[in-house]
1. Taking the condition touching a helix residue (DSSP H, G or I) at 6+ places or on another chain (Cβ under 8 Å), touching a residue at least 24 places away in the same chain (Cβ under 8 Å) and of a type in the set (A, V, I, L, M, F, W, C), does I17 pass?
2. Which one of E47, E75, E28, E20 is crowded, with 17+ Cβ neighbours inside 10 Å and charged (D, E, K, R)?
3. Pick out the one residue from F53, F67 that is of a type in the set (A, V, I, L, M, F, W, C), farther than 13 Å from I6 by Cα, in a strand (DSSP E or B) and more than 9 Å from the chain's Cα centre (by Cα).
4. Here is a list: K65, K34, K72, K23. Which entry is touching a Gly at 6+ places or on another chain (Cβ under 9 Å) and free of Cβ contacts under 8 Å to residues at least 40 places away in the same chain?
5. Among (1) under 11 Å from the mean Cα position of the chain (by Cα); (2) of a type outside the set (V, I, T); (3) surrounded by fewer than 14 Cβ atoms within 10 Å (Cβ to Cβ), which single condition is D58 missing?
6. Give the residues of the range 9-44 that are assigned to a loop (DSSP other than H, G, I, E, B), under 17 Å from R57 (Cβ atoms) and not hydrophobic (A, V, I, L, M, F, W, C), sorted by residue number.
7. Failed condition for I62, given (1) assigned to a loop (DSSP other than H, G, I, E, B); (2) out of contact with any Asp or Glu (no Cβ under 8 Å at 6 or more places or on another chain), with all others met?
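Since every read-out is calculated from the coordinates, none of them should be taken as a lab result. Since we're looking at a predicted model, the values are computed, not measured. Here the Cβ positions follow ideal geometry from the backbone for every residue, glycine too, while neighbour counts run over all protein chains shown.
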Amino acid sequence: MPKQRIINFGPDYKLSIVDEQNKPDRFELAVFYKDRLVEMPGITDQESTVTRFRTTRDVQCIMKKMFLITGKMPENS
């Protein structure tokens, strides 16, 4: 079963990070706004609510984007 981590950016935004199955060091990401899965331009894939096969470096960049968008420091759930 893939491992999932939820990172909170303030009370409204969450970033879900899931290990890709059979792809070491690759991740699937999704953004939640007020507990609703949403598209996030520049973070999720175009016309999708998720982005897949991201590297650790990609995840770091996406977390930085989430901070810049929300103005909130990331916190583990």
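1. yes
2. Testing whether each residue is crowded, with 17+ Cβ neighbours inside 10 Å and charged (D, E, K, R) leaves just E28.
3. Answer to the selection: F53.
4. Criteria check complete, one pass: K65.
5. (3)
6. Passing the criteria: E20, K23, P24, D25, R26, G42.
7. Going through (1) assigned to a loop (DSSP other than H, G, I, E, B); (2) out of contact with any Asp or Glu (no Cβ under 8 Å at 6 or more places or on another chain) one by one, I62 breaks only (1).
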